[in-house]
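The values are calculated or read from the model by the stated rules, or taken from the named source; none is laboratory data. Fair warning: this is a prediction, and the values are worked out from it, not measured in the lab. For neighbour counting, all protein chains shown are included, and Cβ atoms are generated from backbone atoms with ideal geometry for every residue, glycine included.
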Amino acid sequence: MNRILTIVLLAVSAYFAYRLYRGVQGTIEERELIKTTEYAVITRLKLIREAEVVFQEANRRYTSNWDSLINFIENGKVPNIQRREEIKQVGYGQEEIKVFFDTLGFTPAKDKIFKKSFTLNAADNGIFMGFKVKEGDRIIKNQKAYLIKIDGKEQDPPFQDQGVITKLAAFAVGDEVKKGDVMVNFWDYTFDPNTDLKKLSEVPGGDGYKFEINVGKVDKNGVLVQVIEVKDPKPINPDRKDSNEAKNRKPLHFGSKTDVTTSGNWESQ
């Protein structure tokens, strides 16, 4: 009898131990799912935000139409504007300043949205001793860029970002380099170029439901200013609620219906 009771108790203990393990393991897996899904949602919101900002730059307004936004990304062009000033003497001690904005060609909207340009500048005065890279190279962070002699000692400054080199400065070995001179121009993707734009409006991990997008205008000191808000309407994290007082505990979103901002609430975490 005692032996049977012992076996029963062991079986019951094993059962509850397994239930406890599954409960803990399930909680860990749920937290990991929330973390990875929210990372994907934030990445998508960043892309939508950049697309809307560039759309507004080109069209002087935001759009709440997903088809229009997607078409703009795929086919739109953004003017390259250069600001210049002309100063004219109009009297003793008086000047007239005229400001001009020149259009210097156009950039495909997708390049403007998906790519970011970088420069590597000389950190100090010195004598140029040669590049360690060439145009067209894909470079990685901390890769050495060029040789420069400073106070008789050679140094090889590294890149602080990765990307593809588009231009090297026209320095010859022995030329004097001044602090701040642009040594290298390069670019890299800030978003995955293989993103399926047809699914731009869909919330990652959301079984096909879409982000809510609201565009409007608010009065700021008598001037109507455009505002935009894009939000995940059904957060995977059950703790994210509109009723939460803390902004970073509300559903993931960027922008506001009432304030002139495009900040994301994840950026205040």
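Here are the numbers:
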item: Selected residue (criterion: nearest to the chain's Cα centre (by Cα)) from residues of the stretch 105-152 that are within 17 Å of G163 (Cβ to Cβ) and among the aromatic types (F, W, Y); result: F114
item: For N185: the one exception among (1) part of a loop (DSSP other than H, G, I, E, B); (2) in contact with a Ser or Thr (Cβ under 7 Å, 6 or more places away or on another chain); (3) farther than 30 Å from L252 by Cα; (4) touching a residue at least 40 places away in the same chain (Cβ under 8 Å); result: (1)
item: Test: residue in the stretch 235-245 that is in contact with a Phe, Trp or Tyr (Cβ under 6 Å, 6 or more places away or on another chain) and outside the structural domain of A145 (by TED's automatic domain parsing); result: no
item: Hits in the stretch 203-242 (condition: modelled with pLDDT of 95 or more, in contact with a helix residue (DSSP H, G or I) (Cβ under 8 Å, 6 or more places away or on another chain) and among the acidic types (D, E)); result: D232
item: Single residue of the stretch 203-233 satisfying the filter (among the β-branched types (V, I, T) and in a strand (DSSP E or B)) that is nearest to V41 (Cα to Cα); result: V230
item: Residue, surrounded by the most Cβ atoms within 10 Å (Cβ to Cβ), within the stretch 151-173, restricted to residues that are among the small types (G, A, S) and modelled with pLDDT of 95 or more; result: G163
item: Matching residues in the stretch 49-68 - criterion: being in a helix (DSSP H, G or I) and in contact with a Leu (Cβ under 8 Å, 6 or more places away or on another chain); result: A51, E52, F55, W66
item: Filter result for K149 (assigned to a loop (DSSP other than H, G, I, E, B), charged (D, E, K, R) and farther than 19 Å from K116 by Cα); result: no
